[in-house]
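**Student:** Below you will find the structure I want to go over with you.
The values are calculated or read from the model by the stated rules, or taken from the named source; none is laboratory data. Here the structure is a predicted model, which means the values were calculated and not measured. Note that each Cβ is placed from the backbone with ideal geometry, even for glycine, and that neighbours are counted across all protein chains shown. Remember, those area values only see protein heavy atoms, side chains included, never the ligands or the DNA or RNA. Shrake-Rupley method; radii C 1.70, N 1.55, O 1.52, S 1.80 Å.
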There are 2 protein chains.
Amino acid sequence: MATTRGLYFTAMTLDGFLADEHDSLDWLFEQQTEEGGPAGYEEFIKGVGAITMGATTYQWVRDHLERSGEPWPYEQPCWVFTHRDFEPVDHDVRFVAGAVEDHYAAIAESAGDRDIWVCGGGDLAGQFADIGRLQQVIVAIAPVTLGAGRPLFPRQHDFKLVELGRNGDFLTATYDVVGPRPG
Amino acid sequence: MATTRGLYFTAMTLDGFLADEHDSLDWLFEQQTEEGGPAGYEEFIKGVGAITMGATTYQWVRDHLERSGEPWPYEQPCWVFTHRDFEPVDHDVRFVAGAVEDHYAAIAESAGDRDIWVCGGGDLAGQFADIGRLQQVIVAIAPVTLGAGRPLFPRQHDFKLVELGRNGDFLTATYDVVGPRPG
């Protein structure tokens, strides 16, 4: 059985923001991607057995689906770390509160022999790293600066570049997570 | 005669910082580069006719040279935008105050038919872009996050990826400067 890994698969601006200060992703949806290009979503999602996200990310997904009329896109169990009350939904979303560590075993079990997608935000990804449960960061870098916004990874941390490529307008890069920076 | 371009050649962390909150570059000097690798300094500096930097960057260079005992590394005229008083030095450093626009013609003239290296910080690079005098950003991205520090480019701006590569531990990327983001 393959070992379940924690993978932080996300897009960001060139200056390291996941979203602007108002949680907008307008800068992201302007960019072109190449079907079947490197570090693409379609290939990535096949290897994912469970999804985790913070409340802000979940709220963003809900709002986006409401505006677009698209259906819930994930077949995997989706774990949402939140202290807010969200309305119940008819797909597999599991609301949890507290530390990642307290829920990690259940999340990993729900992923089976596939990986956990740490969808974001940055602090949730950091919490996975804090307990040694984040193995890779796979990032699509949009050719945009915002100057301010939601940070990629609010930690002092070391990584190792293992793969790079170009996908449409994006620079794509895969990093192994090394560990917190000494000092 | 070649047209002088403004080139922002710099290193940053994966999360978009030029230096940490105390202006330290310790995270940078740990990284390995490959001699003659892509987007390398040796090739770059040959095309540079003039250098510009802000006061913080200049202070950092001075401190670094004092600690290391290395001589002043640049043969090109170096324009420092500052309101501080620095001691006079015996190499070609030209202290100026005020807007980039007011000094641009003199800087470009001093560069001859070579380019202007906009060394940093981020706001100086932004000021060059504001007046349409920044053509490219050439960035070496270290596999490190800091969570906070000096920003790459404190502007909402669009770019276009034109080249990417790997140089030792760094992901390197060259962007054409497109313009301020609409809105």
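**Student:** Please list, ordered by chain and number, the residues whose modelled amide H lies under 5 Å from the amide H of A:Gly168; skip anything fewer than 5 residues away on the same chain.
**Tutor:** Sorted by chain and number, the residues that satisfy this are A:Glu34.
**Student:** If R₀ is 35 angstrom, what is the calculated FRET efficiency for the pair A:Glu163 and B:Ala97, using the beta carbon separation as r and rounding to 0.05? Each step should come with its number before you reach the end.
**Tutor:** Working: r = 46 Å, r/R0 = 1.31.
With R0 = 35 Å, the Cβ-Cβ based efficiency is 0.15.
**Student:** Output, in nm with one decimal and in ascending order, the distances from the A:Gly112 label point to the matching label points of the other copies (7 Å from Cα along Cα-to-Cβ).
**Tutor:** Result for A:Gly112, in nm, nearest copy first: 6.7.
**Student:** Nearest 100 Å² is fine: how much accessible area is buried between A and B, summed over both sides, with a 1.4 Å probe? Don't skip to the end; give the middle numbers.
**Tutor:** Details: alone 10070 and 10070 Å², together 17470 Å².
The A and B chains share an interface burying roughly 2700 Å².
**Student:** How much FRET efficiency would the formula 1/(1 + (r/R0)^6) give for B:Glu87 and B:Glu35, where r is the Cβ-Cβ distance and R0 is 45 Å, rounded to 0.05? Write out the running numbers ahead of the final one.
**Tutor:** Values: r = 34 Å, r/R0 = 0.77.
So the FRET efficiency works out to roughly 0.85.
**Student:** Along segment A:28-41, what does the Karplus equation 6.51 cos²θ - 1.76 cosθ + 1.60 (θ = phi - 60°) give for ³J(HN,Hα), rounded to whole Hz, x for Gly and Pro?
**Tutor:** So the Karplus estimates, Gly and Pro as x, are 7, 6, 6, 7, 8, 10, 10, 4, x, x, x, 6, x, 5 Hz.
**Student:** Note down, for segment B:1-147, the three equivalent ellipsoid semi-axes (square root of 5 times each alpha carbon gyration tensor eigenvalue), biggest first, whole angstrom.
**Tutor:** Numbers: eigenvalues 105, 69, 53 Å².
So the three semi-axes of segment B:1-147 are 23, 19, 16 Å.
**Student:** Could you do me a favour and compute the accessible area per residue for segment B:1-107, 1.4 Å probe, result in Å²?
**Tutor:** Values: 5980 Å² over 107 residues.
Per residue, segment B:1-107 has an accessible area of 56 Å².
**Student:** Quick check: at a probe of 1.4 Å, how many percent of the accessible area of segment B:98-183 sits on carbon and sulfur atoms? Before the final figure, lay out the partial values.
**Tutor:** On the way: 1510 of 3280 Å².
Of the solvent-accessible surface of segment B:98-183, carbon and sulfur hold 46 percent.
**Student:** From the phi of every residue in segment B:102-116, what ³J(HN,Hα) in whole Hz does the Karplus formula 6.51 cos²θ - 1.76 cosθ + 1.60 yield, where θ is phi - 60° and glycine or proline is x?
**Tutor:** Those phi angles translate into 5, 10, 4, 4, 5, 5, 4, 4, 5, 7, x, 9, 9, 8, 9 Hz.
**Student:** How about segment A:50-158: which GluC sites (Glu not before Pro) there lie in a loop by DSSP and see at most 14 other Cβ atoms within 10 Å?
**Tutor:** When the GluC sites (Glu not before Pro) of segment A:50-158 are filtered for loop state and at most 14 Cβ neighbours within 10 Å, A:Glu75 remain.
**Student:** Hey, can you grab everything whose amide H is under 5 Å from the amide H of A:Val48? Only 5+ residues off in sequence or another chain; H modelled, so Pro and N-termini drop out.
**Tutor:** A:Asp115
**Student:** Just for segment A:34-183, what percent of DSSP beta bridges are antiparallel, to the closest 5?
**Tutor:** On the way: 16 of 29 bridges.
Around 55 percent antiparallel, to the nearest 5.
**Student:** Using a 1.4 Å probe on the heavy atoms of the protein chains only, list every residue of segment A:1-23 that has 30 Å² or more less accessible area in the complete assembly than in its chain alone.
**Tutor:** Output list: A:Leu14, A:Asp15.
**Student:** Once you have the Kirkwood Rh of the protein assembly as shown from its Cα pairs, apply Stokes-Einstein at 20 °C and 1.002 mPa s and quote D in µm²/s. Don't jump to the answer; show the numbers that get you there.
**Tutor:** Details: Rh = 22.0 Å.
Calculated translational D: 98 µm²/s.
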